[in-house]
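Participant: The structure that follows is given in the form of structure tokens.
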Amino acid sequence: MKKLTLALAAVAGFSSSAYAEGDKRCDGLSGWYGASGIVVGEDGKTVNVFNTDHPNAYGTCEGTSLKVNFPWDRVISATFNGSEIKWDNGTTWVKQQ
């Protein structure tokens, strides 16, 4: 878990300065949600969802909307309000502080 935390911190910190002002990016989305972590890529549009129980899931985000392809399930859409991700399958992930 320590390596994942360091990797998440490094990518989240590195990617935050790579955007042009006014881009529609998922500000604040990178972080931990229970046992799962999310990293927004340098382009501000790609996301990587990871945890220890499943393969990585990849998707895209724009503004407050995201779509992620979970290889063990399906593509799931969601909205992010700054502290929670509400998935269209009815689940909610709360961002850890």
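The values are calculated or read from the model by the stated rules, or taken from the named source; none is laboratory data. Model, not experiment: these values are computed from the prediction. Every residue, glycine as well, gets a Cβ built from its backbone with ideal geometry; the counts of neighbours run over all protein chains shown.
Participant: Could you check V94 against (1) modelled with pLDDT of 95 or more; (2) surrounded by 12 or more Cβ atoms within 10 Å (Cβ to Cβ); (3) among the β-branched types (V, I, T) and say which number it fails?
Facilitator: If we test V94 against (1) modelled with pLDDT of 95 or more; (2) surrounded by 12 or more Cβ atoms within 10 Å (Cβ to Cβ); (3) among the β-branched types (V, I, T), just (2) comes out false.
Participant: Those residues that are under 15 Å from D27 (Cβ atoms) and not in a loop (DSSP other than H, G, I, E, B), I need them from region 79-97; list them, please.
Facilitator: T79, F80, E84, I85, listed by residue number.
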